[in-house]
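Structure, as structure tokens:
What follows draws every value from the coordinates through simple rules; no lab data is involved. A quick note: this is a predicted structure, and the numbers were derived from the prediction, not measured. Backbone-built Cβ (ideal geometry, glycine too); neighbour counts: all protein chains shown.
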Amino acid sequence: MANQHTQILIIGQGLSGSWLSYYLQQLNIDCIVLDENKTNTASKVASGIINPVTGMRYVKTWMVDEAMPAAIKAYQEFDCIEQKNMLEIFQNSSAEAAFKKRINEQYNYVKMHSNNWNYVFNYNSSVGEINPCYLVDVNTFLQQQKIKTISVEEKFDETFLKVENDKFFYKDIIADKIIFCDGISSSQNKYFKHLPFAPVKGEALIIECKNFNRDYIFNNKYSIVPWKDDLFWVGASFERDFIDEHPTTKFIIETTNWLNNFLKLPYKIIDHISNIRPANISRKPFFSFNLTYKNIGIINGMGSKGVLYTPYLAKQLATEITQEA
Ligand SMILES: Cc1cc2nc3c(=O)[nH]c(=O)nc-3n(C[C@H](O)[C@H](O)[C@H](O)COP(=O)(O)OP(=O)(O)OC[C@H]3O[C@@H](n4cnc5c(N)ncnc54)[C@H](O)[C@@H]3O)c2cc1C
């Protein structure tokens with residue numbers, strides 16, 4: 001087979017690799033994306049939430065003031081984003097107190113919500129609103145960007161990668177630079193395994209629930225997120241100790257117990273999905289080049305915020321590449 005030359009070879013076509021390919025194309029830099037196309041990946045199972053506050057103490061998400069406007073504009077190009085605020089139906093008094101503390105600190109993004117949801121949920125707390133939150137149809141974005149990209153569908157195997165005279169040879173592909181956007185696989189890769197990856201497994205159920213409100217994302221022990229048609233995404237777990245990426249019976253039992261107590265409407269389980277978030281100890285993404293091999297880069301470590309961070313960071317890395325080219 002004839003060799004194909006490309007300026008950038010991207011490994012991985014999740015959110016990181018897809019946004020990088022998009023911005024390289026915008027800057028007229030050619031790229032080939034190699035991905036093994038698994039049915040479930042972190043990006044494919046993500047609910048798609050962009051949430052400006054994080055965690056049990058509702059702290060402002062790192063870099064949100066810069067990354068959120070960039071993400072909104074980017075996903076609008078694919079017509080796959082809408083504002084959907086999150087209603088926090090507090091699980092306990094300490095969550096409620098933490099939220100109210102942020103309001104008292106005149107924190108942007110949080111306020112109390114006055115509608116009563118007792119006809120849908122069993123709860124006896126007040127309700128907080130995170131505003132604005134956004135919901136992205138991640139799979140639509142991934143599919144649309146894949147169509148516009150030269151993609152190779154196969155598993156990347158590091159033993160075939162050769163470096164000669166500052167060029168990368170991978171089977172019949174010759175590239176000037178290689179950027180790893182392969183999620184948790186980079187934690188095994190010889191160029192980046194020193195980075196402080198701390199993978200976190202997440203599972204979710206897809207349920208059908210007719211006539212349920214689709215205007216908000218509801219959050220209690222788990223989130224209930226509008227999915228397609230009458231479907232809702234329910235999750236997710238955060239599991240640091242796990243055997244593999246596959247769905248577990250434990251999660252179904254825990255989630256259905258919670259749903260049966262919390263949700264007053266009938267529902268049917270349609271699917272059970274799971275994968276591993278490429279999280280890291282510092283909770284800040286990696287996007288840079290290897291210090292020794294200057295033409296080997298990475299965009300990774302997105303944790304549970306890949307929808308928010310990838311457009312912003314991929315654009316920055318693509319711009320850096322143009323400046324060097
Ligand atoms: C249940 C769950 C819910 C989530 N919900 C949200 C959310 O609402 N909002 C949010 O911001 N984030 C969410 N996340 C996190 C988000 O999914 C990740 O931050 C993001 O998807 C990471 O994207 P990525 O492209 O870096 O990695 P990945 O999505 O893991 O993509 C890596 C790609 O590389 C490919 N690949 C890996 N190894 C190889 C190889 N050897 N050869 C070829 N290809 C390879 C894979 O096939 C994959 O396509 C969620 C995650 C989970 C698990």
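The alpha-carbon atoms of segment 159-225, seen along their principal axes, cover 61, 27, 18 angstrom, with the largest extent given first. Where in the chain lies the longest segment free of GluC sites (Glu not before Pro) that are both loop residues by DSSP (not H, G, I, E, B) and have at most 11 other Cβ atoms within 10 Å? Formally, the longest exposed-site-free interval is 155-325.
Between the beta carbons of Ala198 and Asn28, assuming R0 = 41 Å, the FRET efficiency works out to 0.65 to the nearest 0.05.
According to the Kirkwood relation over distinct C-alpha pairs, the hydrodynamic radius of the chain is 20.8 Å. Sorted ascending by nearby beta carbons within 10 Å, beginning with the fewest, Leu291, Leu20 become Leu291, Leu20.
Other residues whose C-beta falls under 14 angstrom from the C-beta of Glu239 contribute a net charge of -1, scoring Lys and Arg +1 and Asp and Glu -1.
Put simply, segment 1-59 fits an ellipsoid with semi-axes of 31, 16, 7 Å; these come from the alpha carbon gyration tensor as the roots of five times its eigenvalues, largest first.
Ordering Tyr267, Tyr123 from the fewest to the most neighbouring beta carbons within 10 Å gives Tyr123, Tyr267.
To the nearest ten degrees, helix 64-76 and the longest principal axis of the Cα atoms of the chain are 80 degrees apart. Listed by Cβ neighbour count within 10 Å, with the fewest neighbours leading, Ser94, Ser114 appear as Ser114, Ser94. With both labels modelled 7 Å from their Cα along Cα-to-Cβ, the Asn290 to Arg57 distance reads 3.7 nm. Each Lys and Arg adds +1 at its Cβ and each Asp and Glu adds -1 at its Cβ; summed about the Cα centre, segment 218-325 shows a dipole of about 320 debye.
Of all aspartates and glutamates in the structure, the ones whose alpha carbon falls short of 14 Å from that of Lys162, not counting any fewer than 8 places away in one chain, are Asp172, Asp176. Pairwise Cα distances in segment 186-265 exceed 19 Å in 48 percent of cases.
Simple point charges give the picture: +1 on the Cβ of Lys and Arg, -1 on the Cβ of Asp and Glu, and for the chain a dipole about the Cα centre of about 840 debye.
Close Lys pairs in segment 16-154 (alpha-carbon distance under 27 Å; sequence gap of 8 or more, or different chains): 22.
With the simple model of a label 7 Å out from the Cα in the direction of the Cβ, Ile270 to Asn131 spans 2.9 nm. Per residue, the average separation of C-alpha pairs within less than 8 Å and at least 6 apart gives the chain a relative contact order of 26 percent. Sparse packing (at most 12 other Cβ atoms within 10 Å of the Cβ) combined with a DSSP loop state is found for the following trypsin sites (Lys or Arg not before Pro) in segment 172-218: Lys190, Lys193, Lys210. The stretch between Thr249 and Gln143 holds 35.2 nm of extra length on full extension. This uses 0.36 nm per residue minus the Cα-Cα distance.
With the convex hull of its Cα atoms as the shape, segment 108-258 has an orientation-averaged projected area of 13.9 nm². Once the Cβ-Cβ distance of Glu105 and Ala2 is raised to the sixth power relative to R0 = 56 Å, the FRET efficiency obtained is 0.35. Name the residue farthest towards the positive end of the dipole of the chain from the options Phe156, Ser187, Ser18, assuming +1 on Cβ of Lys and Arg, -1 on Cβ of Asp and Glu, about the Cα centre. Farthest along the dipole direction, towards plus: Ser187. Can you give the angle from 0 to 90° between the axis of helix 15-26 and the longest principal axis of the chain, with both taken from C-alpha atoms, to the nearest 10? Approximately 60 degrees, to the nearest 10. Pair-distance distribution P(r) for segment 67-108, from all Cα-Cα distances in 10 Å bins starting at 0: 23, 31, 28, 17, 0 percent. Shown for segment 185-325 is the translational diffusion coefficient from the Stokes-Einstein equation, using the Kirkwood radius over Cα pairs, a temperature of 37 °C and a viscosity of 0.692 mPa s: 189 µm²/s. Once the chain from Lys190 to Asp229 is taken as fully extended at 0.36 nm per residue, the excess over their C-alpha distance is 9.7 nm. Note on the chain: dipole from Cβ charges, positive end direction compared against Ile81, Asn131, Pro196; the farthest Cα belongs to Asn131. Provide, in order from the shortest bin, the percent of all Cα-Cα pairs of segment 79-173 in each 5 Å bin, continuing until the bin that contains the maximum pair distance. Bins of 5 Å from zero give 2, 10, 13, 12, 10, 8, 7, 7, 7, 9, 8, 6, 2, 0 percent of pairs.
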